[in-house]
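I have placed the structure first, in the form of structure tokens, so that the comments after it can refer back to it.
The values are calculated or read from the model by the stated rules, or taken from the named source; none is laboratory data. This is a predicted model, so every value here is computed, not measured. As a convention, Cβ positions derive from the backbone with ideal geometry for all residues, glycine included, and neighbour counts pool all protein chains shown.
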Amino acid sequence: MTLRVLLLFSVTGLLTGCGAAPSPPSTPPPPAPDAAPDKGRMVIIHGAGNGQDSEKITSHEERCAKNDLASCHALGLALMTPKDKAGENNKRAFAAFEKGCQGGYAASCNGLGVMYMQGMGATRDVVRAMELYKKACEGEVSTACLHVAMAYEAGRDVAADGPAAIRYYESACALGASQGCQTAAKAFAAGDRVTRDPEKARKLYDRGCQEGDEEACTERDKLGVGQGHGSR
């Protein structure tokens, strides 16, 4: 486990990001509660707004009150304030994520998981955080799959479970998170916590390569197994 990966579970990680995640969007997510664009993409939960943009907060709050769940999620992001865990902003963010999650907006379940894991706006509850991360992962939020994988790999807040970690890295990869592809591929290439499978490793590297990860392209080609399928 590298320091870069471990930071995802710290407040610093919430602000600096993980893997090859894109920059936080400048506009709120689309209004539909079951908005397809949130399916399978890296949802930026670490783009904490610290409650600084009152105009956006007011807009999101008004739309959230009308059960626009995407706006509830955007409201949670705008209010998140990592440096003041027990502050009013985080209590409001917690409520916004909770409403989104209960309404079926998977990205908000990931957000609520972060709040529980970090003890922001609520008492820290690792068990509940993991439940929410898994729910969001099942809802095709790749970041949530990474959260679960890293928790099992680190073994700090939950019992270490290497094979489970690799399964969740694979899930993240399938949803387009190149970090999951790289980590799972390395495990299968080396037989680390899983049965060695160079061809599966190559396919995982190839998926990461298709997501724009140049290192994954290089590692795929180094394996020299089944080349000619999906290479670029």
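When region 141-197 is filtered for residues that are of a type in the set (D, E, K, R) and at negative phi, the ones remaining, listed by number, are 153, 156, 157, 161, 167, 170, 186, 192, 196, 197. Remark: pairs (first residue in region 112-128, more than 15 Å from residue 81 (Cβ to Cβ); second residue part of a loop (DSSP other than H, G, I, E, B); Cβ separation under 8 Å; 6+ apart in sequence or on different chains) = 116/122; 116/124; 116/125; 117/124; 117/157; 126/157; 126/158. Checking each residue in region 95-119 for being of a type in the set (Ser, Thr, Tyr) and in contact with a Ser or Thr (Cβ under 8 Å, 6 or more places away or on another chain) picks out no residue at all. Of the helices (runs of 4 or more DSSP H) lying entirely inside region 162-215, the ones with 1 or more residues being modelled with pLDDT under 95, among the hydrophobic types (A, V, I, L, M, F, W, C) and surrounded by fewer than 18 Cβ atoms within 10 Å (Cβ to Cβ) are found at 178-190.
Just one of the numbered conditions (1) in contact with an Asp or Glu (Cβ under 9 Å, 6 or more places away or on another chain); (2) more than 22 Å from residue 149 (Cα to Cα) is not true of residue 99: (1).
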